[in-house]
Amino acid sequence: MANRFTHLTLGIETSCDETSAAVLDGGKKILSNVISSQVELHKKYGGVVPEIASRKHIENIIPIIQEALDTAGVTLNDINSIGVTYGPGLVGALLVGLSTAKAVAYGRNIPLIGVNHIEGHIYANFLEDPELAPPFVCLIVSGGHTHLVYMKDYGEYEILGITRDDAAGEAFDKTARVLGLGYPGGPVIDKLAAEGNPEAYAFPRAYLEPDSLDFSFSGVKTAVLNLINSMKQKGREVNTADVAASFQEAVVEVLVEKTLRAAERKNAGTIVLAGGVAANSRLRGLLMERADRMDLKVRYPSPVLCTDNAAMIASCAYFHYVKGERSALSLNAVANLGL
């Protein structure tokens, strides 16, 4: 059966609250990409509870891998290599996927490739755009990470900017909680903002030092909290759509401005978006609009590939495999792994 394929990679992703397994052929062709989300489970707590996430991964991991194999029409005997997220993320959650991947690699005697979750997000773009190739500037924005990266080549990165406090997605989640909009905050703020006035409130934009490409979103989050508290004390009604739109605009403007500066600094002709917040419609729209004026191309994946998924992990693993990189079975989970 494997003769039909060039190289089959099984990808496993369990860094937070999605259990995902995927099978890719040749690093770019998705044969299956199964994602089991725990959002409904964590909603009542207003965020991810690590212990609950870990237990759910243990329940889900084997059935999800089996579903990915069945959907791809292959068996474990056909798999040539296995890629798995080993950080950053919740350590208990990471250990579930990593232990499973090690067992498969050992049992089948196939190469194990540990993948950096942040790096994996970048590779989501290669799955839908066969023309895309480095070098380019990439903005990685998710619940846990906000990175500006220059990708020189496959596996070669220069960090241009990171967040100094809250990640963009984290700021969205916390602001949604303050507004009583539930969890996760990103999609609901994006939707609500479309009904509001983005100029209703002048929330701060933290550009930091003149030459800095770093980010800071704790200030804008606190500004929203202070506004809500102040209005409640005065007995005034809060227009949540206006607050959502103004908050979103403050975050997106900084993300776009710094990304364009990074592209200019590196003389890059292409900008790539990755991570959960890359699905935000205002971020995509403003970046496209501003980049178009500068004659820059913008690429981003479909929403399903913006979220945590195993297809991006399998793709990233394949490119490391091609370069001759392998991970030892002693590989450990690293919760705060850097790119």
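Every number here is computed from the coordinates shown, using simple stated rules; none is lab data. In this text, all values refer to a predicted model and were calculated from it rather than measured experimentally. Here the Cβ is made from the backbone with ideal geometry for all residues, glycine too, and neighbour counts use every protein chain on show.
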Query raised in the report: Translational D (Stokes-Einstein, µm²/s) of the range 2-75 at 37 °C and 0.692 mPa s when Rh comes from the Kirkwood sum over C-alpha pairs?
Result: 251
Query raised in the report: Reported to two decimal places, what Rg/Rh ratio describes the range 233-339 when computed on Cα atoms with Rh from the Kirkwood expression?
Result: 1.11
Report summary line: Output ordering of 18-25, 7-14 (per-residue mean of other Cβ within 10 Å, highest first) is 7-14, 18-25
Query raised in the report: Which of PRO210, SER230, ALA103 sits farthest toward the positive end of the charge dipole of the range 86-242, with +1 on the Cβ of Lys and Arg and -1 on the Cβ of Asp and Glu?
Result: SER230
Query raised in the report: So how much slack lies between THR75 and GLU237, counting 0.36 nm per residue of separation and subtracting their Cα-Cα distance, in nm?
Result: 52.5 nm
Query - 0 to 90° range, to nearest 10: angle between helix 240-265 axis and the chain longest Cα axis - result: 60
Report summary line: Nearest 10, in degrees from 0 to 90: the angle of helix 281-293 to the longest Cα principal axis of the chain is 90
Query raised in the report: Taking a temperature of 10 °C and a viscosity of 1.306 mPa s, what whole-number D in µm²/s does Stokes-Einstein yield for the chain with Rh from Kirkwood over alpha carbon pairs?
Result: 78
**Report entry** For the range 140-154, 3J(HN,Hα) per residue [Karplus equation, 6.51 cos²θ - 1.76 cosθ + 1.60, θ = phi - 60°, Hz, x = Gly/Pro]
**Finding:** 9, 10, 8, x, x, 9, 9, 10, 10, 10, 9, 8, 6, 7, 4
Report summary line: FRET efficiency (ILE159, ARG293; Cβ distance; R0 30 Å; to 0.05) is 0.65
**Report entry** Normalised contact order of the chain, rounded percent, pairs of Cα under 8 Å and 6 or more residues apart
**Finding:** 25
Query raised in the report: What nm value, rounded to one decimal, do you get for the distance between ALA328 and ALA200 when each label is placed 7 Å out toward the C-beta?
Result: 5.7
Requested in this report: Lys and Arg at +1, Asp and Glu at -1: add these up for the other residues within a Cβ distance under 14 Å of GLU289 and post the number.
Outcome: 0
Requested in this report: Enumerate the amide H contacts of HIS7 below 5 Å, restricted to partners 5 or more residues apart or on another chain; note that Pro and chain-start residues carry no placed amide H.
Outcome: GLY26
Query raised in the report: By how many degrees, 0 to 90 and rounded to 10, does the Cα axis of helix 50-72 deviate from the longest principal axis of the chain?
Result: 50
Query raised in the report: If you plug each phi of the range 182-195 into the Karplus form 6.51 cos²θ - 1.76 cosθ + 1.60 with θ = phi - 60°, what whole-Hz ³J(HN,Hα) values come out, in order, with x for Gly and Pro?
Result: x, 10, x, x, x, x, 6, 5, 4, 5, 5, 4, 4, 9
Query raised in the report: Under a 5 Å amide H to amide H cut-off, with H placed in plane at 1.01 Å, what residues pair with LEU160 once short-range neighbours are removed?
Result: LEU148, VAL149, TYR150
Report summary line: Contour minus Cα-Cα span, ALA133 to GLU67, at 0.36 nm per residue, comes to 20.7 nm
Query raised in the report: Convex hull over the Cα atoms of the range 133-300, averaged projected area in nm²?
Result: 9.4
Report summary line: Checked against a 27 Å limit on the C-alpha separation, the offending pairs among LYS28/LYS297; LYS258/LYS297; LYS258/LYS323 are LYS258/LYS323
Query - Relative contact order (percent, whole number), the range 133-300, Cα cutoff 8 Å, 6+ residue spacing - result: 27
Query raised in the report: So what's the net charge close to THR19: Lys and Arg +1, Asp and Glu -1, counting the other residues with Cβ under 9 Å from its Cβ?
Result: -3
